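One structure is given below, encoded as structure tokens.
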Amino acid sequence: MTGPAPESRLVALAAGLRAAGVPVGTGQVALMARAAALAPGDLYWAGRATLVNRADDIPVYDRVYRELLGSGAPRVTRTRREHATIRGTPFDAVSGVPVDAPPPDAALASPTEVLRRTSFARCGEDELARLARLMARMRLRAPERRTRRRRPSRGGEPDLRRTLRRAFRTGGEPLDRAWRERRRRRRRVVLVIDVSGSMSGFARGLLLFAHAALRGEPRWEAFVFGTRLTRVTRMLDHPSPDEALRRAASAETDWEGGTRIGQSVRDLLDRHGGLLRGSVVVVLSDGLDVGDPEILRHAMRRVHRLAHRVVWLNPLKEHPDYAPLARGMAAALPSVDVFASGHDLHSLEMVAAAIAAL
Amino acid sequence: MVRRVEFATPDALETALAERSYLADRGLAVTAFLALKLGRPLLLEGEPGVGKTELARTLAAAMGLRLIRLQCYEGIDAGQALYEWDYARQLLHARALQDGAAAGGAGELYGPEFLVERPLLAAVRAGDRALLLIDELDRSDDEFEAFLLEVLADFQVTIPEIGTIAAERPPVVVITSNRTRELHDALKRRCLFHWIDYPDVARETEIVRLRAPGVSEALAASVARAVALLRDADLIKPPGPAESVDWARAVDALGFASLELEVAEATLGALVKNPDDVHAARRALARDLARE
């Protein structure tokens, strides 16, 4: 081995991971030191087994490892599926002019993915605050489902354990019978919010809605998408709406860029499909997709099969003469149970009531 | 009693697994080795069919341990995982006591003979003679995970009527998850984590050869290559190595020594299980096999 002492290299690796946003506890560093001593020839794996505990962090680990420790990182084939094919033409977000489709590998760095974080955090503080206060009174109650856990009840199926306990009081004769029933639990709500350029006027309001309506609900998930999908559940999970929105805005996504709804919904299915099973999926988007509508049609069909109900909120629907002619919207509509507007607070309240009744 | 087999190096572990027809990649061998040495649970994630559960089975066999499996599902609770009383027998016994047909006091109603042992209690009792497989933990709910964390922390179980049962030396623990939800950080921090990737074509060929010994080398290779192609074909449920083995067996059972378009299509059901995928797979295979 060359370079500095092994211990300092390990500490540097942990520090590098923390700097890259991977949470690493001191206990894990100590564990890694022991692991590295046990398998000195496999430093890469010793570090990965102890410092990384999410599949999503593995590419970050690979990068940090290469930067700090150079060679020694085995070439690992990644099988996490990234959809490389981009059908349809992405639009330049500023001019609205179609640009040439970038090669798949360059998609992450292409200029069409406009990473505009600042505009969202800075804009309209006053209105935001007023809206947030109004929305704080809202609650989004998801419909209930029965779980496999049981609780005592006045009827239902026999509860043998408690019946036996009671039987001892009556000389072993089960006179006083106990019952139990399945517990009820609210379904998970999955919000999928379009933050692309065409939705920029609504995105903040919708995110506030997401934050306010779901605060206090234990089972919910929120995703934002433009040309790719980002999970923002943890970022929105903050009591202050200001702070929650600021954190969501720092998410690595292309705020106010182009839209690839089909790809994004498909990513949602492939990466987080299990979340959708039996849940209420709420998509907030204008349905202006620059991708192939067939992708969206198929993806929404799959969502509809997995989810309990699918709700689509389209702010364009506020116009009385709106018809869902946009190719994306028309493709998605057959798989949508509730189609509503959601362009202002009033309509959102009506939707919240409709969801509770599903 | 069979002595527990220990491994001196990751290579020894890899060899022992290979002797039992499980081909582990380097990362898996090192991580499993470290988990054993450090006495930590091994947390395995990966796409379905990459051999997460199979590793636990094979490791248990290689180490001479009893495999105790706890299959998680939505709504699983402590009673189903730890222990339960045999109520029907208790009630009968109580009646027998009352009629004078049985001797003894009421205290015996909660004796060990009425205790129904579930996997976690079995694992605590067996201690280091067992390998505890907690399968598909992501399917259980949060409360159960918190409960499990407690058990994994000290491997002791308190039954109010009997007392505390503790494992002298903890069992080997393997946890698998399909990532339908994130597990808690507290649990993950206790574990050594490994993401099992799909094998490359060469390794998959070996896997097919090992698991389906009757299949010819050429057929195994072409199956592995076709499966690798289909994994890139953007299927909803890409096939895992388990499906490759099934597919190779199916083609072989029809008496074919190589993968031809006709037989590939006829046996596709062994490989691809989603109707949308069947069409996509058929197209991809037709393109590929027609080129040859």
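The values are calculated or read from the model by the stated rules, or taken from the named source; none is laboratory data. Everything numeric here is computed off the predicted structure, so don't read it as measured data. For neighbour counting, all protein chains shown are included, and Cβ atoms are generated from backbone atoms with ideal geometry for every residue, glycine included. Accessible surface is based on the protein model in full, side chains and every heavy atom, while ligands, DNA and RNA are left aside. Shrake-Rupley method; radii C 1.70, N 1.55, O 1.52, S 1.80 Å.
Of the residues that sit in the stretch B:37-49 and are within 9 Å of chain A (Cβ to nearest Cβ) and part of a loop (DSSP other than H, G, I, E, B), which one is nearest to A:ASN53 (Cα to Cα)? Before the answer, list the steps.
Restricting attention to the stretch B:37-49, the residues satisfying the condition of being within 9 Å of chain A (Cβ to nearest Cβ) are B:37-38, B:40, B:42-43, B:45-47.
Now restrict to residues that are part of a loop (DSSP other than H, G, I, E, B): B:40, B:47.
Details: B:ARG40: 13, B:GLU47: 16 Å.
The extreme case among them is B:ARG40.
Here is a list: B:PRO48, B:PRO10, B:PRO41. Which entry is open to solvent by 60 Å² or more (accessible area, probe 1.4 Å) and of a type outside the set (Ser, Thr, Tyr)? Before you say what the answer is, go through the steps one by one.
Details: B:PRO10 fails: open to solvent by 60 Å² or more (accessible area, probe 1.4 Å); B:PRO41 fails: open to solvent by 60 Å² or more (accessible area, probe 1.4 Å).
Just one listed residue meets the conditions, B:PRO48.
Considering each of B:GLU150, B:GLU168 in turn, give the residue that is of a type in the set (Asp, Glu), touching a helix residue (DSSP H, G or I) at 6+ places or on another chain (Cβ under 6 Å) and open to solvent by 50 Å² or more (accessible area, probe 1.4 Å). Steps first, answer last, please.
Working: B:GLU150 fails: touching a helix residue (DSSP H, G or I) at 6+ places or on another chain (Cβ under 6 Å).
Selected residue: B:GLU168, the only one of B:GLU150, B:GLU168 that is of a type in the set (Asp, Glu), touching a helix residue (DSSP H, G or I) at 6+ places or on another chain (Cβ under 6 Å) and open to solvent by 50 Å² or more (accessible area, probe 1.4 Å).
Given the structure, is B:ALA186 among the hydrophobic types (A, V, I, L, M, F, W, C), more than 22 Å from B:GLY269 (Cα to Cα) and touching a residue at least 12 places away in the same chain (Cβ under 8 Å)? Reasoning before the result, please.
Details: among the hydrophobic types (A, V, I, L, M, F, W, C): yes; more than 22 Å from B:GLY269 (Cα to Cα): yes; touching a residue at least 12 places away in the same chain (Cβ under 8 Å): yes.
Here the answer is yes, as B:ALA186 does meet what is asked.
A quick yes/no check of all residues on (1) modelled with pLDDT under 75; (2) over 16 Å from A:VAL224 (Cβ atoms):
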{"residue": "A:LEU245", "(1), (2)": "yes, no"}
{"residue": "A:THR259", "(1), (2)": "no, no"}
{"residue": "A:ASP270", "(1), (2)": "no, yes"}
{"residue": "A:SER279", "(1), (2)": "no, yes"}
{"residue": "A:ASP286", "(1), (2)": "no, no"}
{"residue": "A:ALA299", "(1), (2)": "no, yes"}
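Before we move on, is B:LEU55 within 18 Å of B:ALA130 (Cβ to Cβ), more than 12 Å from every other protein chain (Cβ to nearest Cβ) and not in a helix (DSSP H, G or I)?
Working: within 18 Å of B:ALA130 (Cβ to Cβ): yes; more than 12 Å from every other protein chain (Cβ to nearest Cβ): yes; not in a helix (DSSP H, G or I): no.
Spelling it out, it is not the case that B:LEU55 is within 18 Å of B:ALA130 (Cβ to Cβ), more than 12 Å from every other protein chain (Cβ to nearest Cβ) and not in a helix (DSSP H, G or I).
Quick one: would you say B:GLU206 is over 30 Å from A:ARG266 (Cβ atoms), assigned to a helix (DSSP H, G or I) and touching a residue at least 60 places away in the same chain (Cβ under 8 Å)? Please lay out each step first, then the result.
Values: over 30 Å from A:ARG266 (Cβ atoms): yes; assigned to a helix (DSSP H, G or I): yes; touching a residue at least 60 places away in the same chain (Cβ under 8 Å): yes.
Yes: the conditions hold for B:GLU206.
Working only within the stretch A:286-302, note down all residues that are crowded, with 20+ Cβ neighbours inside 10 Å and either touching a Cys at 6+ places or on another chain (Cβ under 8 Å) or within 12 Å of chain B (Cβ to nearest Cβ) (or both). Show your work before the answer.
Kept after step one, since they are crowded, with 20+ Cβ neighbours inside 10 Å, are these residues of the stretch A:286-302: A:286-291, A:293, A:295-296, A:299-300, A:302.
Within the stretch A:286-302, A:ILE295, A:ALA299, A:ARG302 meet the criteria.
Which one of the conditions (1) assigned to a helix (DSSP H, G or I); (2) over 15 Å from B:GLY214 (Cβ atoms) does B:VAL272 fail to meet, given that it meets all the rest?
Among (1) assigned to a helix (DSSP H, G or I); (2) over 15 Å from B:GLY214 (Cβ atoms), B:VAL272 violates only (1).
Can you run down the residue pairs with Cβ atoms below 7 Å, 6 or more apart or on separate chains, where the first is in the stretch B:18-36 and at the interface with another protein chain (Cβ under 8 Å from one of its Cβ atoms) and the partner is assigned to a helix (DSSP H, G or I) and surrounded by fewer than 19 Cβ atoms within 10 Å (Cβ to Cβ)?
B:LEU34/A:LEU38
Could you list all residues from the stretch B:174-203 that are within 18 Å of B:GLU143 (Cα to Cα) and either in a loop (DSSP other than H, G, I, E, B) or of a type in the set (Gly, Ala, Ser) (or both)?
Here is the first cut: in the stretch B:174-203, the residues within 18 Å of B:GLU143 (Cα to Cα) are B:175-177, B:179-190.
Correct list: B:SER177, B:ARG179, B:THR180, B:ARG181, B:GLU182, B:LEU183, B:HIS184, B:ALA186.
Yes or no: A:GLY21 of a type outside the set (A, V, I, L, M, F, W, C), at positive phi, part of a loop (DSSP other than H, G, I, E, B) and modelled with pLDDT under 75? Full working, then the answer.
Details: of a type outside the set (A, V, I, L, M, F, W, C): yes; at positive phi: yes; part of a loop (DSSP other than H, G, I, E, B): yes; modelled with pLDDT under 75: no.
The answer is no for A:GLY21.
The rows are residues; the columns are (1) part of a helix (DSSP H, G or I); (2) in contact (Cβ under 8 Å) with a residue 24 or more places away in the chain; (3) over 30 Å from A:LEU276 (Cβ atoms).
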site	(1), (2), (3)
B:ALA61	yes, yes, yes
B:LEU92	yes, no, yes
B:ARG125	yes, yes, yes
B:LEU133	no, yes, no
B:GLU145	yes, yes, no
B:GLU150	yes, no, yes
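Of (1) surrounded by 13 or more Cβ atoms within 10 Å (Cβ to Cβ); (2) of a type in the set (Val, Ile, Thr); (3) at pLDDT below 85, A:ILE58 satisfies all except one. Which?
Every condition holds for A:ILE58 apart from (3).
Given the conditions (1) within 14 Å of chain A (Cβ to nearest Cβ); (2) open to solvent by 40 Å² or more (accessible area, probe 1.4 Å); (3) in contact (Cβ under 8 Å) with a residue 12 or more places away in the chain, and given that B:ARG211 satisfies all but one, which numbered condition is not satisfied?
The one condition B:ARG211 does not meet is (1).
Does the stretch B:6-36 hold any residues that are within 22 Å of B:ILE207 (Cα to Cα) and part of a loop (DSSP other than H, G, I, E, B), and which are they?
Pass one, the stretch B:6-36, residues within 22 Å of B:ILE207 (Cα to Cα): B:10-33.
Selection gives B:ARG20, B:SER21, B:TYR22, B:LEU23, B:ALA24, B:ASP25.
When you scan the stretch A:163-236 for strands (runs of 3 or more DSSP E) that lie fully inside it, which ones turn up with 2 or more residues that are outside the structural domain of A:ASN314 (by TED's automatic domain parsing) and open to solvent by 20 Å² or more (accessible area, probe 1.4 Å)?
On the way: elements: A:179-186, A:189-194, A:220-225, A:229-231.
Here the list reads A:179-186.
Cβ contacts < 8 Å: first residue assigned to a loop (DSSP other than H, G, I, E, B), restricted to the stretch B:227-238; second residue modelled with pLDDT under 80, any location; separation 6+ or different chain. Result?
B:ASP234/A:ARG81; B:ASP234/A:HIS83; B:ASP234/A:THR85; B:ILE236/B:ASP276; B:PRO238/A:ARG81
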